Amino acid sequence: MTHQRDEPDAVFWRRKIQAAIAHRKEVMPEATSLRLISSEADGLSGLIVDRYENTLVLQITAAGMEQHRKLILAALMDFEEPDCIVERNDVRSREFEGLQQSKGVLHGELAGAVDAQLGGLNFAMDLLEGHKTGGYLDQQINHTLVAAHCAGKRVLDCFTFQGGFAVHAAKAGASEVIGLDQSDEALTSSASEREGKRCGRPALQSANVFDWLKEEFRQGIARV
């Protein structure tokens, strides 16, 4: 985390966290939901912090980082002023570090799913029970890049999870979009009905991708 003889005091953590947040806001100035701290990528190995509008989700996977939790939380409170902070330390990798798994609200209140704006679309994120820290915020730039090639095209989004690529492809004017995922919970947290109607809601199907592809291939051969 440092190439100098720094003390891991409050000043040290504030400097590192402030630099990570400043970099994200420079790269994605319009984003209101984004990954603020990305572990090793920010020189903060074992620390992930996601922002869903005005709610932060914290995940610590290293014993050394866990020792400084209070200083980290204090810095996040000062720089981001969140309404709520959720911990998602319910990952097995913590056990290899001698840490217990835990999840819950550390600050403020969480009243159900949080509506996160991604690429101009609204996604309902379950921050306590959703996958990893709730969603894949680090994919939102890719959603836009892929959507730019989808106008007038037929699009198949396998392992769509919350429909990120599928819904953005529909918004971009794809002629047909199918999104597949075997998790009903993930599909129900895709873009809201209002947003879906506005962009042309894709067909999101609960299915095992491999089984679906085999069946489509079998039917294709039968038609030939």
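Which percent of the Cα-Cα distances in region 58-152 go past 24 Å?
Values: 1532 of 4465 pairs.
Counting every Cα pair in region 58-152, those more than 24 Å apart make up 34 percent.
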Fill in the blank from the handout: Mean projected area (nm²) from the convex hull of Cα positions in region 100-163 is 5.9 nm²
Practice task
Mind listing the long-range amide H neighbours of ASP157? Cut-off is under 5 Å, sequence gap 5 or more, other chains count too, H placed in the peptide plane at 1.01 Å from N.
Solution key: ILE178, GLY179, LEU180
Practice task
When a/c is below 1.5 the answer is rounded, else prolate if a/b is larger than b/c, else oblate, so apply that to region 118-223 with a ≥ b ≥ c taken from the square roots of the Cα gyration tensor eigenvalues.
Solution key: oblate
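Out of the DSSP beta bridges found with both residues in region 118-223, what percent are antiparallel (nearest 5)? Kindly include the intermediate steps, with their values, before the conclusion.
On the way: 2 of 11 bridges.
Counting only bridges with both partners in region 118-223, antiparallel ones make up about 20 percent.
By DSSP, what percent of the beta bridges with both residues in the chain are antiparallel, rounded to the nearest 5? Present the calculation step by step, with values, prior to reporting the outcome.
Details: 22 of 35 bridges.
Among the beta bridges of the chain, antiparallel pairing accounts for roughly 65 percent.
Which value, in Å to one decimal place, does the Kirkwood hydrodynamic radius take for the chain when every pair of different Cα atoms is included? Mind showing how you got there, number by number?
Details: mean 1/r = 0.0524 Å⁻¹.
Computed over the chain, the radius equals 19.1 Å.
Taking the Cα centre as origin and putting +1 on Lys and Arg beta-carbons and -1 on Asp and Glu beta-carbons, what dipole magnitude results for the chain, to the nearest 20 debye? Could the numbers behind the result be given before it?
Working: 25 positive and 33 negative charges, 136 e Å.
About 660 debye.
Mind checking region 1-68 for GluC sites (Glu not before Pro) that DSSP puts in a loop (not H, G, I, E or B) and that have at most 11 other Cβ atoms within 10 Å?
Here the sparse-neighbourhood loop sites are GLU30.
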Completion exercise
The residues VAL146, VAL155, sorted from fewest to most surrounding Cβ atoms within 10 Å, come out as VAL146, VAL155
Exercise for the section: Could you give log10 I(q)/I(0) at q = 0.33 Å⁻¹ for region 127-174, computed by the Debye formula over C-alpha point scatterers of equal weight, without solvent? Expected result: -1.24
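State, to one decimal in nm², a quarter of the convex hull surface area for the C-alpha atoms of region 72-128, i.e. the direction-averaged projected area. Intermediate values should be presented prior to the final figure.
On the way: hull surface 20.8 nm².
Computed as one quarter of the Cα hull surface, the answer is 5.2 nm².
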Problem - Value at 222 nm in deg cm²/dmol, rounded to 500, when DSSP H runs of n ≥ 4 in the chain each add -39,500 (n - 2.57) - result: -10000 deg cm²/dmol
Handout entry: Compactness of region 15-120, expressed as Rg and Dmax over alpha-carbon positions, Å
Key = 13.5, 41
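We did not get these values from a lab; they are worked out from the coordinates using the rules stated. Please read these numbers as outputs of a predicted model, since none were measured by experiment. Cβ: placed from backbone, ideal geometry, glycine included. Neighbour counts: every protein chain shown.
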